[in-house]
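As structure tokens, the structure follows; a few thoughts come after it.
The values are calculated or read from the model by the stated rules, or taken from the named source; none is laboratory data. Note that the coordinates shown come from a computational prediction; the quantities given were computed from them, not determined experimentally. Neighbour counts are summed over all protein chains in view; Cβ atoms, including those assigned to glycine, are modelled from backbone coordinates with ideal geometry.
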Amino acid sequence: MILARKLAAAVAISLTIAVCVPPAVAQDYPRRPVTMVVPFPPGGGTDVLGRIVGKRLSETLGQQVIIENVGGAGGMIGSNRVVHAPPDGYEFVLGSRADAINQTLYKHPLYDLRKDLDPVILIADQPMILIARKGLPVDGLQQFIAYVKKNQATVHSGSAGVGSTGYVDCALLNQAIGVKVQDIPYRGGGPALVDLIGQQFDYFCTLSPTAVPPVKAGLVKPIAMLSRKRLPSLPDLPTTFEQGLNFEASTWFGFFLPKGTPAAIVKKLHDATATAINTPSVQEQLAATGTFVVPPEHQTTAYLQSIIGPEIEKNGAPLKAAGMSIE
């Protein structure tokens with residue numbers, strides 16, 4: 001009996017110490033390579049951003065950052081994997097506006113963005129660009145609109161997948177110009193771009209890093225920036241607003257950790273990421289792809305936390321109005 005009581009007391013003391021003293025793993029993090037889950041296939045805008053930032057982040061963290069592409073369901077599969085990962089900082093997701101969209105677009109989303117992930121830092125923003133196959137007989141947005149209206153029964157759009165930001169934004173663009181066009185969903189922006197270059201479908205709303213290289217190479221036809229300002233890397237491409245259409249679309253990106261990750265680890269990843277994205281060479285690389293690093297005042301963990309709810313509501317409203325829903 002005495003032995004049992006001593007054992008129980010020892011266990012109680014051990015539990016108290018475990019609760020009161022920060023674990024050494026949080027203090028020493030990271031002690032081995034970490035994994036950045038990119039929830040879309042290689043070649044798209046999300047992947048390009050992840051690889052540019054990841055390379056510098058490896059240096060600022062002092063450990064290798066392994067990029068792992070886990071695509072599917074508009075980014076939900078990859079994010080959901082991190083939701084269920086151990087909360088030890090060794091696996092985090094490059095989340096985005098797609099995560100906010102999915103909370104409304106899917107009737108049964110795999111996770112609750114408000115509750116199931118810990119925000120770390122807002123990283124960057126990428127505008128959408130409307131591009132078309134090279135042989136599409138249009139020049140500029142107004143000719144594009146007229147052509148699609150006339151041929152909407154046979155014209156096809158493509159997307160990075162059902163639920164991707166490009167899928168949603170192209171559907172909203174179609175609604176704005178008054179057409180109904182069948183979409184061909186691909187497993188990521190990279191595969192979709194390959195088929196657009198091969199003229200297998202007609203047009204594509206995609207993130208700037210996916211669009212800029214083929215536009216510069218003359219492989220696709222640029223139609224419009226879906227933004228209020230022109231892109232420095234494509235200065236000759238007019239915006240939708242310049243071409244008479246009040247429509248814009250862009251996507252934000254940030255890092256998220258599994259819920260319950262120790263605050264010390266969140267801070268360590270945050271600080272290392274902030275150093276990485278504020279490195280001039282990183283910003284230059286991102287700018288060349290059409291990606292804008294968010295200003296320092298938006299790089300706090302609290303700021304990313306503060307926009308999650310409003311982003312879900314803001315992106316959900318047009319989806320509900322358009323009647324867009326996926327089982």
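Okay, residues lined up against (1) part of a helix (DSSP H, G or I); (2) surrounded by fewer than 16 Cβ atoms within 10 Å (Cβ to Cβ); (3) of a type in the set (Phe, Trp, Tyr); (4) free of Cβ contacts under 8 Å to residues at least 24 places away in the same chain:
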{"residue": "Pro119", "(1), (2), (3), (4)": "no, no, no, no"}
{"residue": "Ile129", "(1), (2), (3), (4)": "no, no, no, no"}
{"residue": "Asp169", "(1), (2), (3), (4)": "yes, no, no, no"}
{"residue": "Ala192", "(1), (2), (3), (4)": "yes, no, no, no"}
{"residue": "Phe201", "(1), (2), (3), (4)": "no, no, yes, no"}
{"residue": "Phe204", "(1), (2), (3), (4)": "no, no, yes, no"}
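Look at (1) touching a residue at least 12 places away in the same chain (Cβ under 8 Å); (2) outside the structural domain of Gln152 (by TED's automatic domain parsing) and you find that Gly218 fails only one, number (2). Listed by first and then second residue, the pairs with beta-carbon distance under 7 Å, at least 6 apart or on different chains, first residue in segment 226-239 and in contact (Cβ under 8 Å) with a residue 60 or more places away in the chain, second surrounded by 18 or more Cβ atoms within 10 Å (Cβ to Cβ) and charged (D, E, K, R), are Leu226/Asp169.
Quick grid of which residues meet (1) at pLDDT 95 or above; (2) within 17 Å of the chain's Cα centre (by Cα); (3) not assigned by TED's automatic domain parsing to the domain that holds Gly316:
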| site | (1), (2), (3) |
| --- | --- |
| Pro42 | no, yes, no |
| Gly50 | yes, yes, no |
| Asn69 | yes, yes, no |
| Asn80 | yes, yes, no |
| Asp88 | yes, no, no |
| Lys115 | yes, no, no |
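Of all positions in segment 91-101, none carries a residue that is touching a residue at least 24 places away in the same chain (Cβ under 8 Å), closer than 22 Å to Gly316 by Cα and aromatic (Phe, Trp, Tyr). Return yes or no: is Leu269 modelled with pLDDT of 95 or more and either part of a helix (DSSP H, G or I) or assigned by TED's automatic domain parsing to the domain that holds Gly163 (or both)? Answer is yes for this residue. On the stretch given as segment 95-110, residues that are more than 14 Å from Thr165 (Cα to Cα) and either touching a Ser or Thr at 6+ places or on another chain (Cβ under 9 Å) or surrounded by fewer than 20 Cβ atoms within 10 Å (Cβ to Cβ) (or both) total 3.
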